[in-house]
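Read the structure below first, then the notes.
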Amino acid sequence: MKHNIIIIGGGPAGYTAAIYAQRAGLQPLLFEGMLPGGQLTTTTHIDNYPGFDGGIDANALMSAMRAQAENLGAELRNGSVQKIERDGKDFILTLDGGESLLTKTVVIATGASAKYLGLESEERYKGLGVSACATCDGFFYRNRTVAVVGGGDTACEEATYLASLCKKVYLIVRRDVLRASEAMQQRVMGTENIEILWNCNTKEVLGDEYGVTGVRLVRKSGEEFEVALDGFFLGIGHHPNSELFTNVAKVDDKGYIITENGSTRTSTPGVFAAGDVQDSIYRQAVTAAASGAKAAMDVKAYLDNVYEKL
Ligand code: NDP
């Protein structure tokens, strides 16, 4: 069997692509990957997705998108695509279980993942006090002391969220300014139990057999010091999940898939990309959903106008 369109990724971009593709009569197949619902499932409440006057629980939003795609008749499957290979004008996709599928088009909507500092000590305590998701793991640090690394909106959001649960939150910032939006900066500055450690880099995460006990920091001046902690959170941005697909989709120097002229077309005809995997700037649920819609429309136009003539 040859599919018209296989969508890789179960976030706002993937589900919206499935909704639009199904409505266009393309009978899409979507692989939801390791984290159905995508990055939004690692947050709690979302206030800026339009259409919900009191905001909406992020998991409820993703469940509704998923259900909408399924109710319209799109086929959703667990699992990940490990490889895309060209086969003439078609593509062979290999799944994590080894199964192969043939398709006329592919939409890559694999999103982005949290970045880590790359320290050996950080790796050692992952899941033992080191986390990149405050809303997933913050609960474990009620009335404790934690640190968040980063100075952008993610770090500031994580710090203010953790400050509502924890006794004390240190924000470890490598420069003497925050990159976060003005509103977010004001929130951080106005939160009593957040202390910003300016001009500091993390040298080592400290711990024992039970997990994180602190962190060793180094100031720009070269001075080193330790801070006692129960938890260590990363908020230093994300990297696009494009590694497996660079043979069919050219990426920029940061790994984001390059799309053509505001469309979702990649460097290979028949391969499209939507959502955070191709967006280094906006990275919002609503912009990801919108690019999923564009991808399905681009696929439809490609199948109608290009594919048959190849
Ligand atoms: P950003 O790239 O904006 O910020 C990353 C932060 O981490 C910067 O302060 C950066 O420092 C710091 N950093 C990066 N690498 C290291 C390192 N190795 N060691 C120490 N610090 C490091 O990423 P975000 O995830 O914060 O935001 C991404 C986008 O998503 C932005 O457009 C943001 O506005 C948006 N966003 C919006 C939210 C909202 O509106 N509610 C919530 C979260 C994100 P430096 O500044 O020195 O480079």
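What to note about this one:
- Summed over the range 204-228, the residues that are touching a residue at least 24 places away in the same chain (Cβ under 8 Å) and within 16 Å of the ligand (Cβ to nearest atom) give a count of 5.
The rows are residues; the columns are (1) basic (Lys, Arg); (2) at pLDDT 95 or above.
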residue: 71; (1), (2): no, yes
residue: 80; (1), (2): no, no
residue: 83; (1), (2): yes, yes
residue: 88; (1), (2): no, yes
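- Residues that are within 16 Å of residue 34 (Cβ to Cβ), touching a helix residue (DSSP H, G or I) at 6+ places or on another chain (Cβ under 8 Å) and not hydroxyl-bearing (Ser, Thr, Tyr) occur at least once in the range 95-108.
- Test: residue 199 is over 18 Å from residue 132 (Cβ atoms), out of contact with any helix residue (DSSP H, G or I) (no Cβ under 7 Å at 6 or more places or on another chain), away from the ligand (no atom under 15 Å from the Cβ) and not hydrophobic (A, V, I, L, M, F, W, C): no
- Candidates 279, 208, 252, filtered to the one that is closer than 30 Å to residue 159 by Cβ and crowded, with 18+ Cβ neighbours inside 10 Å: 279
Matching residues to (1) in the same structural domain as residue 228 (by TED's automatic domain parsing); (2) closer than 18 Å to residue 138 by Cα; (3) in contact (Cβ under 8 Å) with a residue 60 or more places away in the chain; (4) loosely packed, with under 15 Cβ neighbours inside 10 Å:
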position	(1), (2), (3), (4)
162	yes, yes, yes, no
165	yes, yes, no, no
168	yes, yes, no, no
171	yes, yes, no, no
179	yes, no, no, no
183	yes, no, no, yes
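- Qualifying positions in the range 83-109 - exposed (fewer than 13 other Cβ atoms within 10 Å of the Cβ) and either farther than 18 Å from residue 299 by Cβ or touching a residue at least 24 places away in the same chain (Cβ under 8 Å) (or both): 85, 97, 98, 99, 100
- One residue stands out in the range 260-303 among those that are part of a helix (DSSP H, G or I) and among the acidic types (Asp, Glu): the one that is farthest from the ligand (Cβ to nearest atom), namely 298.
- Of the helices (runs of 4 or more DSSP H) lying entirely inside the range 74-167, not one carries at least 2 residues that are more than 16 Å from the ligand (Cβ to nearest atom) and among the aromatic types (Phe, Trp, Tyr).
- Any chance residue 277 is in the same structural domain as residue 28 (by TED's automatic domain parsing), under 18 Å from the mean Cα position of the chain (by Cα), within 15 Å of residue 7 (Cα to Cα) and aliphatic (A, V, I, L, M): yes
The values are calculated or read from the model by the stated rules, or taken from the named source; none is laboratory data. This is a predicted model, so every value here is computed, not measured. Reconstructed Cβ throughout: ideal geometry from the backbone, glycine too, with neighbour counts over all protein chains shown.
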